[in-house]
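Below is one structure; the comments refer to it alone.
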Amino acid sequence: MSMEKPYYRYDIDGLRAVAVLAVIFYHAGFSTFFSGGYVGVDIFFVISGYIITRIIRYELDSGTWSLINFYERRFRRILPPLFFMLLVCLIMAWIWYDLEQMKQLFRMIKRVVFGVSNFFLYKNTGGYFDAPEEELPLLHTWSLSVEEQFYVVLPLLLWSIWRFRSKACDTAWLVLFLAVCSMALSAYVVTFDAKFDFYMLPTRAFELLLGAAVTFAEHNGKRAFAPWCYLCGLAVVFFCIFGFGRVPKESFPGLWALLPCIGTALCLYAGASAKDTGAGRLLSGRVMRGIGLISYSLYLYHWPFLVFFRQVSPEPVSGTWKLLPVFGVVFALSWLSYVFIEQPIRKKRFLKTRGTLFAAAFICMLGFFLLGHFGRKHITPYVPDGAETYLLEAREWNFVKEHTFLLDGVPVARLGGESRPLSFLVLGDSHAAMLAHAVSEEASEHGVSGLIQARAGNETPVALPSDDQSCRRIIEKGSFNVVLLSFRWASHLEQCDLDQFAEEHSDPEERARRFSEKLAVSVEYMLRHGVRNIYIMKPVPAQTTYYPASKAIGILKRGGNPEDSLFSSLEANLRYNQSSTLMLERIAAAYPQVHLLDPVPYLCFEGKCAAVRDKRTLYTDDDHLSVWGAALLKPLLRNIFAREAESPAP
């Protein structure tokens, strides 16, 4: 049986509206209510797979199929709004960004235009859910890259199946088989590489293929209980959007992504029966249809504007109605993009012929690629007078990366004097790495030498002897008198940032108990292996401002003084770190060889913990000290190495 000509479904526009609004509100910081808003992308994937497969199947059946026509439609649909969004981003970045941020943007642009930004994000970022990635205005383009890669594979796949299979059911079973394989791969890969699982087509393909498979059920006309399918599917979708807050981010997508995908597939399966339900009529209404029609532009513009607005705002705006102006601008710009860019080009009122379209696309892609390649070397953003000092030492400290070598197969970096025997060891996460430069300088001044082993905060196992065999190997191999531990303690106990912390919702007791046990086991292990003194850096005060250097530049551009607004409350920090501090104090009370180092007196004054001081940036983001910020803790480190320099060798 040949497939019927695809008819326009208004309720699908409504589903698109649900998906894009969920994503927007989640990204805007309303995650308490829209805790699973990120599944809006999964909804989009299923819808895309469904619509594209419907069109391809109909054209194959009717004999009108043309690969070049398919890609012409995709070019007209995807590229013009994308190119305009990139241009808007470049203008805003030139106004608001510092040099290093501008370089990062240029690096991403040349990947975005060729549909491979997901590869760049996988290789160069911590992960989609990591707070530092909020600085990347093109982070959201990973999903476009996945779709574009799918559009390369799907037409050829369907054409090949159609060419060598005589029955539609054969095609359906093969599509379902591929979807199951992709889903199984996703469920497996998420257990050891959640970042790959999130960003890459092989582990995301099942979502698009599930949408494709629905078209075969529709073709067979089996729509039993269709209205109930629609209502159940919609209920599942809304459950995921509002109830996925407890889903571990490191376990997504995996099998968790199957739930919103099945919900969406049920809605699509219902077909024309959607109009027989109140929910279907609501989604087919003018408001939801209107939002759905501009959903692509909304998705493109919402994230860059949120990123730039957060960075120039002197105070936290996530999850507040201070974002209303941003919403207004995004909706207005999306409507303008739809009316004056998307529609004229799609309906061939502009770039009428295929040749002019492909030529224009090639010129734009080449132009953006060259801009991305050479721009980071030759284009500098606008920086007002007096702002240069805020950029000094404000970016990521690379001391550990630049000095890393393998010791017995374990990556470590040397601190202090090169010629002296190793006498101290620094263990921790990125909060240990941020101290490396200051520790190395103090150790050199006192003529002592040591090692640092620092893991990223999201890496496992934790860099403690209780968890990590490589830590034990280093301690057993060396002869260390002193060990310094420095972690972002709140990330292990509170598992949230300072600006997201709500004391009444915090329940870290069980996590504190488990981590306290790890510390106790680690302390006893180190003492058994000859360590004389263990120093633990208490929590470094956090900020509610991401990337203070960029904020400082934005404030200066508006004529303000960054030091008047870029600080966090000492009282809020003490509440935020209370569980961590109590845990560390109990460990210190139990072991006389354990000594606590308190950074607060060196970073906070008169109830305020400054993010910038004396026209210099103390933090690279909301919780990591810059090189200059870490240097303020040198007096705290000085006594350790003075005592170590005077102590006799073991």
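Name the residue that is least open to solvent (accessible area, probe 1.4 Å), counting only residues in region 451-495 that are among the small types (Gly, Ala, Ser) and modelled with pLDDT under 75.
The selected residue is ALA463.
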Residues being under 32 Å from the mean Cα position of the chain (by Cα) and either over 20 Å from ASN533 (Cα atoms) or without any contact (Cβ under 8 Å) to a residue 40 or more places away in the chain (or both) - total across region 408-428
7
Residue list for region 566-587, filter: aliphatic (A, V, I, L, M), out of contact with any Lys or Arg (no Cβ under 7 Å at 6 or more places or on another chain) and buried (at least 17 other Cβ atoms within 10 Å of the Cβ):
ALA572, MET583, ILE587
Quickly run through region 507-545 and pick out the residues that are modelled with pLDDT under 90, open to solvent by 10 Å² or more (accessible area, probe 1.4 Å) and in contact with a strand residue (DSSP E or B) (Cβ under 9 Å, 6 or more places away or on another chain).
THR544
In region 1-23, anything over 17 Å from VAL287 (Cα atoms) and at pLDDT 85 or above is listed as VAL23
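Rundown of residues vs (1) assigned to a loop (DSSP other than H, G, I, E, B); (2) closer than 23 Å to HIS492 by Cβ; (3) at pLDDT below 90; (4) more than 30 Å from the chain's Cα centre (by Cα), yes/no style:
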| residue | (1), (2), (3), (4) |
| --- | --- |
| ASN573 | no, yes, no, no |
| SER579 | no, yes, yes, no |
| LEU582 | no, yes, no, yes |
| GLU585 | no, yes, no, yes |
| ALA588 | no, yes, no, yes |
| LEU596 | no, yes, no, yes |
| ASP621 | yes, yes, yes, no |
| PRO635 | no, no, no, yes |
| PRO648 | yes, no, yes, yes |
Which of (1) surrounded by fewer than 24 Cβ atoms within 10 Å (Cβ to Cβ); (2) over 28 Å from VAL426 (Cα atoms); (3) modelled with pLDDT under 90 does SER550 not meet, given it meets every other one?
(1)
Return a yes/no flag: does region 269-287 have any residue that is within 28 Å of VAL112 (Cα to Cα), open to solvent by 50 Å² or more (accessible area, probe 1.4 Å) and touching a residue at least 40 places away in the same chain (Cβ under 8 Å).
no
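Quick check on LEU333: is it in a helix (DSSP H, G or I), farther than 22 Å from VAL237 by Cα and open to solvent by less than 20 Å² (accessible area, probe 1.4 Å)?
It is false that LEU333 is in a helix (DSSP H, G or I), farther than 22 Å from VAL237 by Cα and open to solvent by less than 20 Å² (accessible area, probe 1.4 Å).
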Going through region 52-89 in order, the residues found to be hydrophobic (A, V, I, L, M, F, W, C), open to solvent by 40 Å² or more (accessible area, probe 1.4 Å) and under 24 Å from CYS267 (Cβ atoms) are ILE55
Would you point out which residue out of PHE309, PHE350, PHE340 is open to solvent by 50 Å² or more (accessible area, probe 1.4 Å) and part of a loop (DSSP other than H, G, I, E, B)?
PHE350
Taking the criterion of being touching a helix residue (DSSP H, G or I) at 6+ places or on another chain (Cβ under 7 Å), more than 17 Å from ARG310 (Cβ to Cβ) and either surrounded by fewer than 16 Cβ atoms within 10 Å (Cβ to Cβ) or basic (Lys, Arg) (or both), would at least one residue in region 619-628 satisfy it?
no
Would you confirm, using the coordinates I've provided, whether GLY263 is within 23 Å of ARG54 (Cα to Cα), crowded, with 18+ Cβ neighbours inside 10 Å and in contact with a Lys or Arg (Cβ under 6 Å, 6 or more places away or on another chain)?
no
Is it the case that LEU99 is modelled with pLDDT of 85 or more and either out of contact with any strand residue (DSSP E or B) (no Cβ under 6 Å at 6 or more places or on another chain) or β-branched (Val, Ile, Thr) (or both)?
no
Take SER568 and decide whether it is assigned to a strand (DSSP E or B) and in contact (Cβ under 8 Å) with a residue 24 or more places away in the chain.
yes
How many of the residues making up region 588-625 are free of Cβ contacts under 8 Å to residues at least 24 places away in the same chain and touching a Lys or Arg at 6+ places or on another chain (Cβ under 8 Å)?
0
Residues in region 430-450 that are part of a helix (DSSP H, G or I), open to solvent by 20 Å² or more (accessible area, probe 1.4 Å) and over 11 Å from VAL627 (Cα atoms) total 4
Going residue by residue through region 367-379, is there one that turns out to be open to solvent by 30 Å² or more (accessible area, probe 1.4 Å), of a type in the set (A, V, I, L, M) and outside any loop (DSSP other than H, G, I, E, B)?
yes
Quick check on region 290-311. Is at least one of its residues among the aliphatic types (A, V, I, L, M) and under 22 Å from TRP228 (Cα atoms)?
no
One residue from PHE239, PHE225 being out of contact with any His (no Cβ under 6 Å at 6 or more places or on another chain), at positive phi and open to solvent by 50 Å² or more (accessible area, probe 1.4 Å):
PHE225
Going residue by residue through region 245-254, is there one that turns out to be of a type in the set (A, V, I, L, M, F, W, C) and assigned to a helix (DSSP H, G or I)?
no
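The values are calculated or read from the model by the stated rules, or taken from the named source; none is laboratory data. Bear in mind the structure is a predicted one, so any value in this text is a computation, not a measurement. As a convention, Cβ positions derive from the backbone with ideal geometry for all residues, glycine included, and neighbour counts pool all protein chains shown. For accessibility, only protein heavy atoms count, side chains too; no ligands or nucleic acids. Shrake-Rupley method; radii C 1.70, N 1.55, O 1.52, S 1.80 Å.
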